[in-house]
Structures are given as structure tokens and as C-alpha cells.
Amino acid sequence: MLAVLALCIPALPVFAATPDEGKDLCPVVPRPLQYKQTGGAPFHLTAKTTIAADEALRPQAEWLSEALAAPTGWDLAVRTGTKGQIVLTIDTLAAPKPESYQLHVDRKGVTVKAHDAAGAFYALQTLLQSLPAQVHGTQRCANDLWQIPAFEASDAPAHPWRGLMLDAARYYYDKAFIKKCIDMMAMYKLNKFQFHFIDDCGWRLESKKYPRLTEVGAWAGSNEQRTGGFYTQNDIREIVAYASVRGVEVIPEIEFPAHVLSAIVAYPWLSCTGVQHQVPEQHFISRDLLCPGNPKAMQFLRDILEETIELFPSKYINIGGDEAVYTRWEQCPKCRALMQREGFTKASELQGWITNQVALWMQEKGRTVMGWEEIVMRGKVATPVVAVMWHEPKDTAEVVKEGHQAVIASCYYNYFDFPESSTPGEPQHARWCPPISLSKVYATPLSDYSPASSILGVQACLWSDQFIHGRALQELAVLNENRSEQYVEYFVYPRLIALAEVGWTPARLRHYDDFLRRLAPQYARLDAKGCNYRVPEPAIISLEEKGGRFTYTLAPTVEGADIRYTTDGTYPTVHSPRYTGPVTVDRKSDFLAIQVVTPTHYSLPLLTPPDYSAYKAYGQLTAQWQPLTVQPNLSPWRFECTGKVSGNGPYTLTFIPQRGTNALHLESLTLKKRDEVIATATPQRNADGTTTYHFTVSNFEAGTPFYIEVQACGEGGNDTSGLVFLQKE
């Protein structure tokens with residue numbers, strides 16, 4: 001049973017000394033390469049402290065002065081040179097690797113030696129994490145707080161790519177929130193921000209040459225139901241400059257050939273059909289693609305890309321390239337003529353042709369094309385590109401064989417629109433993959449980078465599909481609320497902090513228990529930054545059974561948090577009894593506990609889930625039947641299997657009876673994608689009393705709900721209950 005609990009409940013933060021020694025426990029996230037407390041007197045920050053910096057590091061010095069101004073009430077002087085109590089210098093001998101730094105603190109002051117501006121900024125993040133959490137806030141605090149313990153750190157990232165993708169196309173986030181996202185990334189030494197601002201339901205980037213892209217394509221609905229927005233070119237310049245000081249590279253994503261309905265709505269001649277559409281208000285993936293057989297459409301693409309790279313100095317430009325369905329190309333005379341000229345036999349090869357064209361255009365401009373994994377899997381791509389691997393991390397092996405590079409952004413480890421748990425009460429979320437726990441993010445399979453490596457690093461993705469499954473998540477402008485920001489941050493933190501350590505810290509120094517120890521005080525820093533987060537459940541230290549009763553011993557996973565509990569199976573509240581020691585109950589289901597940070601910010605309840613480990617061979621629990629759900633006559637029984645259907649291939653569905661005097665009679669099965677039937681099956685009744693169905697999925701679509709419908713009834717009555725499991729073979 002404890003093995004099952006480990007999958008569902010946060011692991012206990014073990015306060016062991018590994019890999020530190022004794023009193024030199026490192027407090028910093030992500031963990032530095034080397035960190036040592038020297039035992040000397042601390043450095044006291046005062047109103048007279050001066051920040052001195054090389055001219056190249058003046059923006060970072062001014063950033064530090066500004067960051068310290070609100071909590072201290074001091075405007076610390078910034079000067080060029082080396083005469084100051086805090087000194088920032090470029091020293092490529094002391095810090096030989098990009099983004100690396102050396103940091104020394106003693107009673108006399110702070111010395112930073114950095115390879116570059118990013119390295120200096122990251123040294124300052126380590127420095128701030130050595131001060132009380134209030135340093136990240138805007139409220140003035142007592143002067144005696146501002147002392148930094150004497151320590152030394154030597155640090156460099158394990159991977160050059162440590163990223164976050166935010167989907168601002170399906171839901172428009174204002175410029176202030178984009179800057180806040182960049183701030184939070186920089187706090188934990190993440191350095192690549194993939195700006196996904198173009199998709200079927202919204203074009204968010206202003207174009208001077210094609211103004212209808214935002215006049216029309218940035219908005220959906222009408223009158224009081226109208227939603228949307230876009231970033232002006234001046235907004236983009238401001239965001240890019242803001243990110244640059246913080247060591248963050250902003251990478252634009254101009255999506256094509258699919259996910260461009262917003263552009264086609266503005267300019268119908270971009271598609272193969274020329275049909276006028278509307279910007280969608282509900283989530284779906286349009287089958288209308290950019291028409292490669294139309295020279296005018298290809299010129300549009302080149303114009304937009306050139307306009308985009310004028311705004312973004314990034315080395316990379318992301319071209320999307322995912323989830324294209326080629327029906328329109330197969331039917332298009334212009335595309336068929338292009339296929340004939342190029343000697344192609346499949347329409348999918350046209351995508352490789354477009355990628356090659358764009359890669360060459362961008363190479364002329366000194367840029368590298370990147371995109372989702374499909375860009376190197378749909379036709380031969382001759383120019384080296386970077387593929388963002390959104391399925392299995394092991395697929396990177398095939399990408400690098402072709403001379404390309406890769407970034408891991410797996411939907412099984414790094415998609416943060418999936419919840420952390422399956423506990424009832426998680427907010428509205430994507431369901432086509434299983435939940436992604438904090439520990440699973442930390443376990444993202446990623447080898448350390450070397451110059452010979454083709455895997456650049458790792459990236460989290462926050463898709464905004466859920467905002468266009470209805471209006472529950474969208475802010476009400478007249479209330480000036482920030483519901484969408486709270487929602488995004490709930491799903492991103494603390495998981496992004498775990499991903500930051502995966503990207504920054506070498507594998508040999510990454511230990512999950514040690515990470516949890518250093519994470520526990522980080523929640524106070526998030527509070528000070530005004531950043532929402534998912535409060536983790538309390539940790540179970542032990543669960544002992546004696547005399548048929550069960551004793552729970554718990555520990556908080558947020559520094560300073562309370563635990564509240566109940567012993568009658570009801571949900572606890574902030575007014576429930578406060579946990580002070582082990583609690584004994586008759587049944588595991590009687591005990592529930594929450595972790596309380598503030599009276600309005602607390603966790604979901606800690607639940608002891610049923611043990612289904614005996615059925616592991618049958619796959620994932622998908623449904624259950626009880627007497628009241630069983631009909632007396634043959635009738636359709638429909639249940640959702642979103643997340644269990646996770647890709648194309650063969651599946652087995654197994655019905656396992658558990659209790660009752662009547663049998664469950666089963667007939668034909670249909671599998672539906674939304675309301676479209678994509679597979680059927682007949683039952684196979686087995687000697688052990690189970691019933692199985694076998695079917696194959698051939699047109700899987702991520703982000704889409706799946707349902708199973710079986711014809712079922714009770715035989716002679718409804719006294720029957722059991723479990724349904726789905727296994728991908």
C-alpha cells in the first residue's frame with residue numbers, strides 16, 4: 001500500500017546532509033555546482049552600501065538596486081568600476097563557461113565574477129536567496145533583516161536551454177503578466193521564453209504590412225462576448241529589452257502550416273480553399289492550412305518572418321509545424337502541381353519542403369529554425385534545425401541521427417496544463433494525459449549537456465486550451481480581476497522550480513529529497529513576489545497498522561505551514577483541529593488532512609487512495625460500475641477515457657467484476673473522439689469472469705476528449721459492481 005501512496009502523495013522532505021556536509025546545507029534553488037558556508041561574519045546591507053560594476057554589467061547592477069529599494073527603503077548608489085561593497089565584474093578566467101559565475105560574500109562585501117551579463121544576473125539570484133524571503137516583496141521591512149551569511153559559490157548551468165513556453169494565442173495575457181512570467185523564470189535561472197502568440201484562435205503579433213492579422217485575427221466573438229488582444233511592436237520591444245537584462249531570450253513562434261486559422265480569417269487567400277471563416281470561440285484544430293502551392297501565400301510567410309526577426313534579436317525563430325492534417329493539400333490543384341514538380345508522392349512531404357524553404361531564408365538572416373518534432377518527421381529537412389520533442393524523450397535519438405538538435409518538452413513530464421494529481425478538486429485542466437506530479441517533473445530524463453551533445457535542454461509548456469472550453473476561466477474585465485493569472489501560476493508553480501533544477505544542476509547533484517528540503521522555504525519567496533502556487537499536501541512520514549487501526553504521522557512540506565485534519569471522513573477546513581502529533585483512526589478513509597499557508601490559501605486534502613496494484617497488468621483504472629449504474633435492459637453506458645487514450649495504437653479494455661450475485665452483460669463497444677466514432681469492438685468473455693475488448697486508435701488528436709460507450713445490462717438483476725481498466729499495448 002505504501003508503494004501506491006508514493007505515487008499519489010508528495011514525498012517527505014528529508015532534512016539529510018546529502019550531498020552537503022553538516023552545517024553547510026545549501027539553501028539555493030536550483031542547486032549550484034559548489035556552495036560552501038565559510039563561517040565568517042555576515043555582510044550587513046545598509047543604506048550606504050554601494051554597487052559597483054563593469055560598464056557591461058551596469059543594467060544588472062541597476063536591476064539589483066531597484067530590486068532592493070522597495071523592501072529596504074534604500075536607493076543604493078550604482079557606479080562604474082570596482083569601488084563598492086557589492087562589485088560585479090566580467091572575468092572569463094574565473095568563470096570560463098557561458099552563464100557561469102563565482103560569488104564570494106564576507107563581512108566586507110560581495111564579489112561577483114561572471115562570464116557574461118547572464119552569469120552576473122544569476123549570481124544576484126543566488127545572493128537574494130541568501131537573504132530573508134521579504135527581499136522579494138514590495139513592503140518595507142526592518143533594517144536588521146538585511147544581512148547575508150558568509151559563503152562562496154561557483155556555478156554554471158548543466159544545459160544551455162532551460163525554457164518555458166506560454167500559450168498567449170488561445171488566451172491573451174497582458175504585457176504586465178508576460179513580464180511577470182519572465183521575472184519568475186529569471187529568479188530560478190531559466191533562460192528561454194517561447195512566446196506562442198499565434199494559433200487558430202488568435203493572432204497576437206502586430207504586423208505593419210498585414211494589419212488585418214490583428215484587426216480581425218486577434219479577436220473572437222462580438223459585442224459583450226468579444227475576447228482577445230494583441231501585442232504592439234512597441235510592446236514586443238519592451239518585453240524583449242526587459243527579458244534581456246534578466247538573461248532571458250524571447251523566442252517568437254510563428255505557427256504554420258497548421259494552427260493559422262486566425263490568419264486565414266483575416267486573409268482567406270492564404271488557404272487552399274479561400275473560404276471565409278471566423279476566429280473560433282471554442283477549442284478545435286482547424287484542417288485549413290497555409291497553401292504552399294500559392295506563391296502569394298509563401299511570400300506572406302516570408303514577409304511575416306522577416307518582420308518578426310526585426311523585432312526579436314533571438315538566435316532562434318520557432319515555426320511550430322505540429323498537428324497538420326493534409327486533406328486540404330491533397331485536394332488542392334496548386335499543391336498537387338507543386339508535388340508533381342518536386343517529385344513528391346505524399347502531401348506530407350510538402351511540409352518538409354516548406355521547412356527547408358524557411359530554414360534557408362532564416363539561415364541567410366543568421367537565425368536557426370526550430371519547431372515541434374513534426375518539422376523533422378514530415379519530409380526530409382536538409383538544413384540543421386532544433387526540434388522540440390513533445391512526445392517521448394527517447395525520440396530525440398532519431399532527430400539527432402539526421403544532424404538536428406533537440407529540446408525535451410514532453411507531454412508526459414513537462415506539460416503544465418495537466419494537473420499535479422488526480423485528487424478531486426483540481427481546477428479545470430487538460431485530461432488527455434495522466435497527471436504530472438512534482439516528482440515526475442524532477443525525474444524528466446535528461447542527460448548532462450556537453451559540446452558533443454545534441455540535446456540542448458528542457459522546456460515546460462503551459463497551453464491555454466482550457467480557456468476556450470468555455471468562459472469559466474476568463475477574467476471579467478469590469479471587475480479588474482486576475483483570475484487567469486492565478487490559474488496559470490497555480491499550474492506552473494512549484495513544478496517550474498523543479499524543472500529549473502533539472503535544467504541547471506548536473507544529474508550527479510540532483511537528489512529529490514534534498515530538492516524538497518530547499519523547496520520548502522521557496523513558497524514564502526513566491527508569496528513575497530505575489531505569485532500564486534499550488535499548495536502541496538502534507539507529507540506522510542509513516543503509516544502504521546496495529547490491531548486493525550491506522551496511525552498517521554505527518555510533516556509540513558511548506559515551511560511554517562499548519563496541518564489541519566479530520567477523522568470522520570469529512571473534508572477538513574482551516575477551522576479543523578490542528579495537527580500536533582500522530583493520529584490514529586479505525587479506517588484509512590476516515591483520515592483527511594490539508595496544509596494551510598494562510599486562511600485563504602491551502603492544499604487539497606491528503607487522501608489515502610484505494611490500492612489497485614493487484615490490477616497493474618490491466619493498465620489504468622478508467623471506470624467503475626455499481627448497482628445503481630446498471631440498467632435492467634441492454635442500454636448504452638458511456639464513460640470518459642481522455643488521458644487513458646494517449647496515442648495511436650492497439651488497446652485492450654478489461655471489465656473485472658468484484659462483488660454481487662448478478663453478472664454484467666456486455667455487448668458492442670464504440671470509441672468516440674468528441675462525438676466521432678473512431679473504433680468499434682465486440683466483447684471477448686474469458687474463463688476467469690473478465691470481459692475484454694480489443695480496438696485500435698489510428699487518428700489520435702491531442703487535447704481532444706475521448707469516450708467509450710458499451711451496451712450493458714445486469715443479468716437477472718443489478719447486484720453487481722466492478723472495475724474497468726484500459727491498457728495501451
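The values are calculated or read from the model by the stated rules, or taken from the named source; none is laboratory data. What you are looking at is a predicted structure, and each value in this text was computed from that prediction instead of being measured. Please note: Cβ atoms are built from the backbone with ideal geometry, for glycine as well, and neighbour counts cover all protein chains shown. Just the protein is used for accessible areas: all its heavy atoms, side chains included, with ligands, DNA and RNA removed. Shrake-Rupley method; radii C 1.70, N 1.55, O 1.52, S 1.80 Å.
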| query | If you take the square roots of the eigenvalues of the alpha-carbon gyration tensor of segment 509-565 and sort them as a ≥ b ≥ c, do you get rounded (a/c under 1.5), prolate (a/b over b/c) or oblate? | reply | oblate
| said: If I model a spin label as a point 7 Å beyond the Cα along the Cα-Cβ vector, how far apart are those points for VAL478 and GLN331 in nm? | reply: 4.2
| For the pair PHE284 and ILE541, what calculated FRET efficiency results from E = 1/(1 + (r/R0)^6), where r is the Cβ-Cβ distance and R0 = 51 Å, to the nearest 0.05? | 0.60
| What do the square roots of 5 times the Cα gyration tensor eigenvalues come to for segment 281-425, in whole Å, largest first, as semi-axes of the equivalent ellipsoid? | 27, 20, 17
| Projected-area mean, segment 357-515, by convex hull of Cα positions, square nanometres | 12.6
| note | 1/(1 + (r/R0)^6) with r = Cβ-Cβ of ALA241 and GLU342, R0 = 51 Å, i.e. FRET efficiency to nearest 0.05, evaluates to 0.75
| note | Eigenvalues of the alpha-carbon gyration tensor of segment 321-365, times 5 and square-rooted, give semi-axes in Å, largest first, of 21, 13, 8
| In terms of Cα to Cα distance under 18 Å, which lysines are near enough to LYS83, apart from those fewer than 8 places away along the same chain? | LYS48, LYS108, LYS113
| field | Rounded to whole Å, sorted largest first: equivalent-ellipsoid semi-axes of segment 244-362, Cα gyration tensor | value | 26, 18, 13
| field | Approximate spin-label separation VAL275-LYS380, in nm, with each point projected 7 Å along Cα-to-Cβ | value | 3.5
| query | In nm, to one decimal, how far is the ARG471 label point from the GLU310 one, both placed 7 Å along Cα→Cβ? | reply | 3.8
| field | Expected-Rg normalisation [2.2 N^0.38 Å, Cα atoms] applied to segment 153-271 | value | 1.18
| query | Quick one: accessible area per residue over the chain, 1.4 Å probe, rounded to a whole number of Å²? | reply | 41
| message | Restricted to Cα positions, what overall size does the chain have along the principal axes? Three whole-Å values, descending. | response | 88, 80, 53
| request: Starting from the Cα of GLU667, move 7 Å in the Cα-to-Cβ direction to define the label point; list residues of segment 694-717 whose amide nitrogen is under 19 Å from there. | output: 694, 708-717
| message | Is the C-alpha gyration tensor of segment 428-499 telling us rounded, prolate or oblate? Criteria: a/c under 1.5 is rounded; beyond that, a/b larger than b/c is prolate, otherwise oblate. | response | prolate
| note | Taking only the Cα positions of segment 15-152, the convex hull volume per residue in Å³ is 109
| task | Output the pairs from LYS588/LYS616; LYS179/LYS365; LYS179/LYS315; LYS36/LYS394 with a Cα-Cα distance over 29 Å in this structure; if there are none, say none. | result | LYS36/LYS394
| said: I'm a student and want to see the number: the projected area of the Cα convex hull of segment 639-729, averaged over all directions, in nm². | reply: 5.7
| What's the percent breakdown of Cα-Cα distances in segment 71-189 across 10 Å bins, shortest bin first? | 12, 35, 34, 16, 3, 0
| query | So how exposed is THR573, as accessible area in Å² (1.4 Å probe, rounded to 10)? | reply | 60
| request: Could you pull out every one of the lysines with an alpha carbon less than 21 Å from that of LYS346, ignoring same-chain neighbours closer than 8 positions? | output: LYS334, LYS380
| query | Scaled to the compact-protein estimate 2.2 N^0.38 Å, what is the alpha-carbon radius of gyration of segment 536-664, rounded to two decimal places? | reply | 1.40
| query | Which translational diffusion coefficient, to the nearest whole µm²/s, is obtained for segment 551-601 from the Stokes-Einstein equation, given a Kirkwood hydrodynamic radius over C-alpha pairs, 4 °C and 1.567 mPa s? | reply | 116
| query | Between GLN631 and ALA687, what FRET efficiency follows from the Cβ-Cβ distance if R0 is 25 Å, with the result rounded to 0.05? | reply | 0.45
| query | Based on the alpha-carbon gyration tensor of segment 468-565 and its eigenvalue square roots a ≥ b ≥ c, which shape applies: rounded if a/c is under 1.5, prolate if not and a/b is larger than b/c, or oblate? | reply | oblate
| Using Cα-only point scatterers and the Debye equation, what is log10 of I(q)/I(0) for segment 40-87 at each q in 0.21, 0.25, 0.26 Å⁻¹, rounded to two decimals? | -0.67, -0.89, -0.94
| What is the gain in length, in nm to one decimal, between ALA452 and THR553 on full extension, counting 0.36 nm per residue of separation less the C-alpha to C-alpha distance? | 31.5 nm
